[in-house]
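Right, one structure below, let's go through it.
Every number here is computed from the coordinates shown, using simple stated rules; none is lab data. Source: prediction; values computed, not measured. As a convention, Cβ positions derive from the backbone with ideal geometry for all residues, glycine included, and neighbour counts pool all protein chains shown.
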Ligand SMILES: Cc1cc2nc3c(=O)[nH]c(=O)nc-3n(C[C@H](O)[C@H](O)[C@H](O)COP(=O)(O)OP(=O)(O)OC[C@H]3O[C@@H](n4cnc5c(N)ncnc54)[C@H](O)[C@@H]3O)c2cc1C
């Protein structure tokens, strides 16, 4: 069997990879060794940036409707029934904090409730196949791609899959990373937690307004225990430090789990229904390289954060958002292979930073900056005179080359939209109202059928704004332009008019896509006759 992209693992990274590729018309196959998506909630915090991505995929509303109503704070107590001793931020911006910078805000939703939504969405595309109970057991890199052996864990049948690229979304212990001999650095093993999923009337114990997390410091042990609501109907998770070498989980009976929950609740006669128990190993580490020829590590396989601070899944989703458009562009011949080398330098700093953040060792970067203010530097960013840029900017700062193109409310043919809604599939040239030269340049320099260059003229007749303030946020004057990549990051900008807009844009596009200008002209010519998607 042949497929352009084989994705190993149907966790958040694998499922979002499938969705992103399908949105770009690329066929993929996800294989997952378990019979279903995760049955144990792990992540519950979905960041503002991840919600922005869900918005652009059309699933934001479904996620929001299923989300739990809880404060983005950690309530510090001795046990759940005890008084609140302190309240700390969970590391997510609140709706009010995010409102000035984003059309959406963070949500609390358990990973085992989110994953089926991602699966449904992945399967809504004819290009995205997802197979469960299917394990990759062997792989070999060839000149033309990857040959993987997969086994159907129900029938035992073994099949060979040939793909151009393989995306290893196979989790923190990544068998593929190990097989490729890619080392990791960081604290590999922080400790074990016993994670008990249960149903009990905790909501009435903790008080009227739920916190996203409860840190319980009165239970003894080497670190506090953690309890979190995972649904609106009394399903909770308790994670308590554990030593399975001292007390294996197999030696515990149902009464033991109930007793552990009652102690954490501080309520000896609490009615408890235990739903699932696991020992979870907590670690933090970053792979030494994210690419090995035609194999790419994504999600926890590339960067595994400690659960504190809730960044693992969000970093995973944002990393595949960075990589998938690049794979699609190279597969379609619109970009050179070197574009794929930009994945590692662009995403490694976020992986490293979020690992440090999860270990409580990152000060001075606000939650919104860590989430929305990531600035990329690589060959796929044409910095020009903006060589000196920080790795992260606060959302109150104007955008810079490499940063996420900022959110501004605009009126598109009478519809209130965010500028973020203009991005997602193709490159988009954002211009001011004096856009003639840039429009012509975009037509000349864009034009490839499967990689059109859209033009969004803000302040023109189709996209209206209340004021011209957006230009100071984007850092251009009325005849400037900003080139936004399919992942919503700024690839390049011209603060004002360019002497030769077509030649400039041609050069920039070729640079970003790792082609030389002549190669790119040939690629465009081979798909001649199709104009870029235009917004107004
Ligand atoms: C207690 C806890 C709380 C957390 N809270 C948060 C939070 O609030 N916010 C947040 O952002 N993150 C949080 N995280 C982290 C988050 O759960 C992970 O970062 C996220 O699951 C990573 O997604 P992934 O797709 O990379 O890997 P995974 O979700 O681990 O998925 C990998 C998949 O690959 C499959 N697989 C592996 N090998 C093979 C193979 N050979 N063939 C086929 N399939 C294979 C596995 O079965 C698995 O399903 C938390 C983690 C824990 C443990």
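Here the range 410-516 is treated as an ellipsoid with the same Cα gyration tensor; its semi-axes, largest first and in whole Å, are 21, 15, 12.
Based on DSSP, what percent of beta bridges with both residues in the range 373-525 are antiparallel, to the nearest 5? Mind showing how you got there, number by number?
Values: 16 of 22 bridges.
Expressed as a percentage, antiparallel bridges in the range 373-525 total about 75.
Note on residue 415 and residue 95: the model spin-label points, each 7 Å out from Cα along the C-beta direction, lie 2.3 nm apart.
Can you work out the FRET efficiency for the pair residue 337 and residue 269, with r the C-beta to C-beta distance and R0 = 51 Å, to the nearest 0.05? Once the sixth-power term is evaluated, E becomes 0.20.
Extension gain for residue 444 to residue 61 (0.36 nm times residue separation, less C-alpha to C-alpha distance): 134.1 nm.
Here the relative contact order of the chain, from alpha carbon pairs under 8 Å that lie six or more residues apart, stands at 14 percent.
What is the fewest-to-most order of 205, 182 by other Cβ atoms lying within 10 Å of their Cβ? If you can, show how the numbers build up before the last one.
Numbers: 205 15, 182 20.
Going from sparsest to densest Cβ surroundings: 205, 182.
Calculated on the Cα set of the range 160-269, radius of gyration then Dmax: 18.8, 58 Å. The antiparallel fraction among DSSP beta bridges confined to the chain stands at about 70%.
Please tell me the relative contact order of the range 314-403 in percent, rounded to the nearest whole number, where contacts are Cα pairs under 8 Å and at least six residues apart. The partial results should precede the final answer.
Working: 77 pairs, mean separation 22.5, N = 90.
25 percent.
Distance from the C-alpha centroid of the range 430-504 to that of the range 161-222: 42 Å, rounded to the whole angstrom. Of 468, 300, 233, the sequence from fewest to most neighbouring Cβ atoms within 10 angstrom is 233, 468, 300.
Our summary gives the range 462-508 a relative contact order of 27 percent, counting only alpha carbon pairs under 8 angstrom and 6 or more residues apart.
Where does helix 312-331 land angle-wise versus the long Cα axis of the chain, in degrees 0 to 90, nearest 10? Here the helix axis deviates by roughly 30 degrees.
For the range 313-461, the equivalent ellipsoid derived from the Cα gyration tensor has semi-axes of 28, 21, 14 Å, listed largest first.
In plain terms, the residue of 125, 165 with the fewest other Cβ atoms within 10 Å comes first and the most crowded comes last, giving 125, 165.
Mean residue ellipticity at 222 nm from the helices of the chain, using -39,500 (n - 2.57) per DSSP H segment of n ≥ 4 over the full residue count, to the nearest 500 deg cm²/dmol? Display every interim value, and only then the final one.
Working: 15 runs with 145 residues, N = 536.
Mean residue ellipticity at 222 nm (helix-derived): -8000 deg cm²/dmol.
Rounded to the nearest whole angstrom, the semi-axes of the ellipsoid equivalent to the chain, taken from the Cα gyration tensor as √(5λ), stand at 42, 28, 19, largest first.
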